[in-house]
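Data first, discussion second: the structure below is written as structure tokens.
The values are calculated or read from the model by the stated rules, or taken from the named source; none is laboratory data. This is a predicted model, so every value here is computed, not measured. Neighbour counts run over all protein chains shown; Cβ positions are idealised from the backbone, glycine included. For accessibility, only protein heavy atoms count, side chains too; no ligands or nucleic acids. Shrake-Rupley method; radii C 1.70, N 1.55, O 1.52, S 1.80 Å.
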Amino acid sequence: SSIPDSQMAQLKDDYNFLSLTTFMKPNKMRHLFVLMLISSLSVQSSSFQSSIISPFRTIMASSIPDHRRTSIFPQQGVSSPDKETLPTPNNFVEKKNKNDNDDSFRINLVYLGLATLETVFWWYLAPGINPDSRWFAPDDGVLISNLLNPSIVLDAPFGSGLGFSSLLLNTFLIVPAVWSLLLLQEEEHQILPPLPFCLAGFVVGGGALIPYMILRKSKRTVDNTRFSPVLKFFEEGDGSTLLIGLTIIVLTAFLVPFIFGSSELDLELTAFQERINSSQFTSLALFDFTMLCICILDPMMDDAKRRNYLHQDATLAQAAHKLLPFLVPLVGPVAWIYFRPRFQT
């Protein structure tokens, strides 16, 4: 049957008012309005159903708590999230991981063991430990000052081992940056904020990042509309290109002495091995770098699943197989940041 224009106008006004109050009134009042409207709109016009009932049902279903949707709309085709996924941003995985918003306290024993192992190595096992100053050997202070001097690094004494030592030190500008880009995008609903640990990672490397992973929760969904400007720069801008450029600069600085004949690879490698066996800083840095390059598979795997590069149910072994080219030390993780699929805008 047809609906008079005056009645249609009144119904539209009621609909607009109730749509507005959906976002303003307490839950009980909101549900009362819904029931009143549904009971009053008992008309058979298909055009009215499509123009009024359908959009109203969509708006109300999105605003009512999940556990009450089926009780309020039992026959209107609105099902629970377990049966049908409601519209979500394009960058969300269709079926949200139930553990993403879980605030329960969990400890990852693998990372707890790695953090303990690194501490034991640092204080008791690393070569060159000074018993009077276990946290830092004074002799390593001279080494670090030389490594931070470009004139010495680019024209190092023949067979001094400074070339490999400088490369190792410079990797802690790049590897922690990749870790930060992987961890900061999933900072919501984490027990601890990742930012302080990521910043400390540029100073102490795994000494900060591995302890964070003890309490970190794996996340399969993120909202890139809420990314910080830095993350958006690497996601949508030229950040990944700059990271590639920094990696090229570090590798070029390492190769310059060999290209111009001021050093030989065999002698440099032998001197570096001797330094590992005598320097607490060098041996610990190498241990730390190795651990970060292996453990990066964990956050990288979650990032790949969020971007549909990996299936949501992929195991660690399957992820390692498909991500193998991106696990090459130093250059592999940087390549992942550059080539990984982008979130839809």
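Values for this structure:
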| read-out | value |
| --- | --- |
| FRET efficiency, Leu148 to Arg307 (Cβ-Cβ, R0 25 Å, nearest 0.05) | 0.10 |
| Region 255-305 - Rg over Rh from alpha carbon coordinates, Kirkwood radius | 1.20 |
| Gain upon complete extension [Leu117, Ser133; 0.36 nm per residue less C-alpha separation] | 3.8 nm |
| 4 °C / 1.567 mPa s Stokes-Einstein diffusion coefficient of region 217-301, Kirkwood radius on C-alpha pairs, µm²/s | 78 |
| Kirkwood hydrodynamic radius (C-alpha pairs) into Stokes-Einstein, region 118-203, 37 °C and 0.692 mPa s, D in µm²/s | 212 |
| Coil-residue trypsin sites (Lys or Arg not before Pro) of region 244-319, DSSP, other Cβ within 10 Å capped at 16 | Arg307 |
| Per residue accessible area of region 154-272, 1.4 Å probe, in Å² | 44 |
| Reference-scaled alpha-carbon Rg (2.2 N^0.38 Å with N residues) for region 286-342 | 1.07 |
| Accessible-area value, Trp135, 1.4 Å probe, nucleic acids and ligands omitted, Å² | 150 |
| Heavy atoms of Met291 accessible to a 1.4 Å probe, total area in Å² rounded to 10 | 10 |
| Heavy atoms of Val331: accessible area, 1.4 Å probe, square angstrom to 10 | 60 |
| Hull-based mean projected area of region 245-344, where the convex hull spans the alpha carbons, in square nanometres | 8.3 |
| Sulfur and carbon atoms: percent of accessible area, region 220-345 [1.4 Å] | 66 |
